[in-house]
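Report on one structure; see the data block that follows.
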Amino acid sequence: MQDIFREIGRSAALLLRQEAEGLTGTEIIRREVSVPAFDPQKDYSAWPAGAPVRDGGQVWVLLQPYNAANYTGRPADLRALWGLCHTTDPDLAKAWVEPLGTSGMYMQGECYSAEDGTVYRALQDNLVHTADAYPAGWEKVQKEGS
């Protein structure tokens, strides 16, 4: 039975990998259960751009296929190779990740969850500061059921 579930999970992950390039960050995060964990020894050179991985509580999408065994670091450290997924769904909001240059900037409508659990939605594009640092760029939002 365990083999059957493992195969179902593998099939779901492969399907998501193929579809991911055309999906929004919200759509990918909604299917996070099918997103594989990042493997620092994996050869991602045959993966399509846009394929997602989970790492550090975040979902990252592949920007540039490469062999991870040849690079030291994880997606958060390799921003030229991995892009950060953000969501517009407050219920799926992830913790704040500091943008690096243009990588990971928050766009209008995208949300993050602050350390205290408060969820904020971007009121404009290209935000690189938290709601504490730049309150005019963010609004507090309620999670469904809150």
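For the chain, what proportion of DSSP beta bridges, expressed in % and rounded to the nearest 5, is antiparallel?
90
Write out the chymotrypsin sites (Phe, Trp or Tyr not before Pro) in the stretch 51-94 meeting two conditions: DSSP loop, and at most 15 other Cβ atoms within 10 Å of their Cβ.
Hits after loop and neighbour filter: 71.
What is the distance, in nm, between label points placed 7 Å from the Cα along the Cα-to-Cβ direction at residue 100 and at residue 128?
Label-label distance for residue 100 and residue 128, simple model: 1.4 nm.
Based on the mean of other Cβ atoms within 10 Å per residue, sort peptides 116-125, 132-141 so the most packed one is first.
116-125, 132-141
Mind sorting out which of (i) -0.40, -0.72, -0.85, -0.98; (ii) -0.24, -0.44, -0.52, -0.61; (iii) -0.30, -0.52, -0.60, -0.69 is the real log10 I(q)/I(0) by the Debye sum over Cα atoms at q = 0.09, 0.12, 0.13, 0.14 Å⁻¹ computed from the coordinates?
After the calculation, the listed value that fits is (iii).
Taking the dipole about the Cα centre of the stretch 42-146, with the C-beta of Lys and Arg at +1 and of Asp and Glu at -1, give me whichever of 66, 81, 120 is farthest to the positive side.
Positive-end residue among those listed: 66.
Quick check: net charge around residue 67, other residues with Cβ under 15 Å of its Cβ, Lys/Arg +1 and Asp/Glu -1?
0
Give me the dipole magnitude in Debye, nearest 20, for the chain about the Cα centre, with unit charges on the beta carbon: positive for Lys and Arg, negative for Asp and Glu.
Dipole of the chain, to the nearest 20 debye: 240 debye.
Can you give the extra length, in nm with one decimal, that the chain gains between residue 18 and residue 45 once fully stretched, where that is 0.36 nm per residue apart less the Cα-Cα distance?
Taking residue 18 through residue 45 to full extension adds about 8.3 nm, to one decimal.
Where a number appears in this text, it was derived from the coordinates with a stated rule and is not lab data. Predicted model only: the values in this text are computed from it and were never measured. Glycine also receives a Cβ, built like all others from the backbone with ideal geometry; neighbour counts cover every protein chain displayed.
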